[in-house]
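Q: Okay, handing you the structure first.
The values are calculated or read from the model by the stated rules, or taken from the named source; none is laboratory data. From a predicted model like this one, the values you see are computed outputs, not experimental measurements. Cβ placement follows ideal geometry from the backbone for every residue including glycine, while neighbour counts extend to all protein chains displayed.
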């Protein structure tokens, strides 16, 4: 039996506080299990924007642990915009020297940093170094390929994940992302995948927002808004919920004050979010997103589920 199943599962579903709770009571039998538990614990704190926990409890050198060092670095990257360039340069130098190239979490977090910087091709190159049986790295490869409009390669990646463990939550999520990218009839399939997880594990902002995105692509804006408001009740400051609420308020023709309120909250709580830093994404490109959604086609200007943290 997997002693860390609930820890891992809650993390992938975006239920970060539940992940932390499960990690704190998990009984690990080996040092390897404890290290894995700690990695999910600290990453969950980062997912909650509680950067002070990993920054305060992990030394900059990770106490000799490559994985913990990578997590500390990611916490620095996410919490200190002024240090991001230095962190990216440090990551690039270590990757070039092939240092820690055999550590899965180092590669995963390095790829995440590149993705946050919109360097998707660099992220993909990093992930291609990862062990072939790493479902987390494979899931992030799927997201990279979808961002690069390579749904054909993403489909092959999902198939490989299914061959490794088709029942794993992260494999099911990857299939849902692929279905969303394919659009049209596949949107219902994606919605039902999220619904099955919701019925089995309970509602999380990630699942509700993902379902809402499926509905928006089907022009079911009022139904999407209900799901998003439910997600907001669970996490009022969730960036992806705010972005989606901003979008759906535009689709529904709500008063400008309402959509502005969502965007202003996003700017206040998440000043480094790409919707805030990239003005183009809230300008002319948004009109393109509207048209693509109405045609049942995915848009890279519309929020897809966030990458694994």
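Q: Determine which member of the set 88, 7 is farther than 23 Å from residue 118 by Cα, outside the structural domain of residue 208 (by TED's automatic domain parsing) and crowded, with 16+ Cβ neighbours inside 10 Å.
A: On the way: 88 fails: farther than 23 Å from residue 118 by Cα.
It is 7.
Q: Let me ask something additional. How many residues are in contact with a helix residue (DSSP H, G or I) (Cβ under 9 Å, 6 or more places away or on another chain) and in a helix (DSSP H, G or I) if we restrict to the range 224-238? Give the derivation first.
A: From the range 224-238, those in contact with a helix residue (DSSP H, G or I) (Cβ under 9 Å, 6 or more places away or on another chain) are 224-232, 234-238; that's our starting set.
The next check asks that each one be in a helix (DSSP H, G or I); those that pass are 224-232, 234.
Matching residues across the range 224-238 total 10.
Q: Among residues belonging to the range 156-181 that are buried (at least 19 other Cβ atoms within 10 Å of the Cβ) and more than 19 Å from residue 13 (Cβ to Cβ), point out the one that is modelled with the highest pLDDT.
A: My answer is 157.
Q: Please verify whether the range 254-262 includes one or more residues that are closer than 28 Å to residue 184 by Cβ and in contact (Cβ under 8 Å) with a residue 24 or more places away in the chain.
A: Among the residues of the range 254-262, not one is closer than 28 Å to residue 184 by Cβ and in contact (Cβ under 8 Å) with a residue 24 or more places away in the chain, which makes the answer no.
Q: Just checking, does the range 91-100 include any residue being out of contact with any helix residue (DSSP H, G or I) (no Cβ under 9 Å at 6 or more places or on another chain), closer than 29 Å to residue 156 by Cβ and surrounded by fewer than 17 Cβ atoms within 10 Å (Cβ to Cβ)? Break it down into steps so the answer makes sense when it comes.
A: Initial filter on the range 91-100 (out of contact with any helix residue (DSSP H, G or I) (no Cβ under 9 Å at 6 or more places or on another chain)): 93, 96-98.
In the following step, the residues that additionally are closer than 29 Å to residue 156 by Cβ were identified as 96, 98.
When the remaining residues are screened for being surrounded by fewer than 17 Cβ atoms within 10 Å (Cβ to Cβ), the result is 96, 98.
Yes, some residue in the range 91-100 is out of contact with any helix residue (DSSP H, G or I) (no Cβ under 9 Å at 6 or more places or on another chain), closer than 29 Å to residue 156 by Cβ and surrounded by fewer than 17 Cβ atoms within 10 Å (Cβ to Cβ).
Q: Could I ask something else about it? Looking only at the range 211-223, which residues are in a helix (DSSP H, G or I) and without any contact (Cβ under 8 Å) to a residue 60 or more places away in the chain?
A: So the first thing to find is which residues in the range 211-223 are in a helix (DSSP H, G or I), and the list is 211-217, 221-223.
Result: 211, 212, 214, 215, 221, 222, 223.
Q: Would you be able to tell me the number of residues in the range 211-221 that are surrounded by fewer than 24 Cβ atoms within 10 Å (Cβ to Cβ) and on the phi < 0 side of the Ramachandran plot? So that I can check it myself, show each step before the final result.
A: Applying the first criterion (surrounded by fewer than 24 Cβ atoms within 10 Å (Cβ to Cβ)) to the range 211-221 yields 215, 218-221.
In the following step, the residues that additionally are on the phi < 0 side of the Ramachandran plot were identified as 215, 218, 220-221.
Number of matching residues: 4.
Q: Looking at residue 65, is it closer than 20 Å to residue 103 by Cα, touching a residue at least 60 places away in the same chain (Cβ under 8 Å), in contact with a helix residue (DSSP H, G or I) (Cβ under 8 Å, 6 or more places away or on another chain) and not assigned by TED's automatic domain parsing to the domain that holds residue 206?
A: Values: closer than 20 Å to residue 103 by Cα: yes; touching a residue at least 60 places away in the same chain (Cβ under 8 Å): no; in contact with a helix residue (DSSP H, G or I) (Cβ under 8 Å, 6 or more places away or on another chain): yes; not assigned by TED's automatic domain parsing to the domain that holds residue 206: yes.
No; evaluated as a whole, the condition is false for this residue.
Q: Which of the residues belonging to the range 263-277 are in contact (Cβ under 8 Å) with a residue 12 or more places away in the chain and more than 18 Å from the chain's Cα centre (by Cα)?
A: Residues satisfying the conditions are 263, 265.
Q: Quick one: which of 50, 34, 83, 98 is at positive phi and without any contact (Cβ under 8 Å) to a residue 24 or more places away in the chain?
A: Selected residue: 98, the only one of 50, 34, 83, 98 that is at positive phi and without any contact (Cβ under 8 Å) to a residue 24 or more places away in the chain.
Q: In the range 194-210, which residues are surrounded by fewer than 22 Cβ atoms within 10 Å (Cβ to Cβ) and in a helix (DSSP H, G or I)?
A: 195, 196, 198, 199, 200, 201
Q: Go through the range 18-36 and give me each residue that's over 16 Å from the mean Cα position of the chain (by Cα) and closer than 26 Å to residue 237 by Cα. Give the steps one after another, and end with the answer.
A: Step one: list which residues in the range 18-36 are over 16 Å from the mean Cα position of the chain (by Cα), which gives 18, 20-36.
The answer is 18, 20, 21, 22, 23, 24.
Q: If you don't mind, another one. Which condition from (1) closer than 30 Å to residue 22 by Cα; (2) surrounded by fewer than 18 Cβ atoms within 10 Å (Cβ to Cβ); (3) more than 19 Å from the chain's Cα centre (by Cα) is the one that residue 69 breaks?
A: That leaves (2) as the condition not met.
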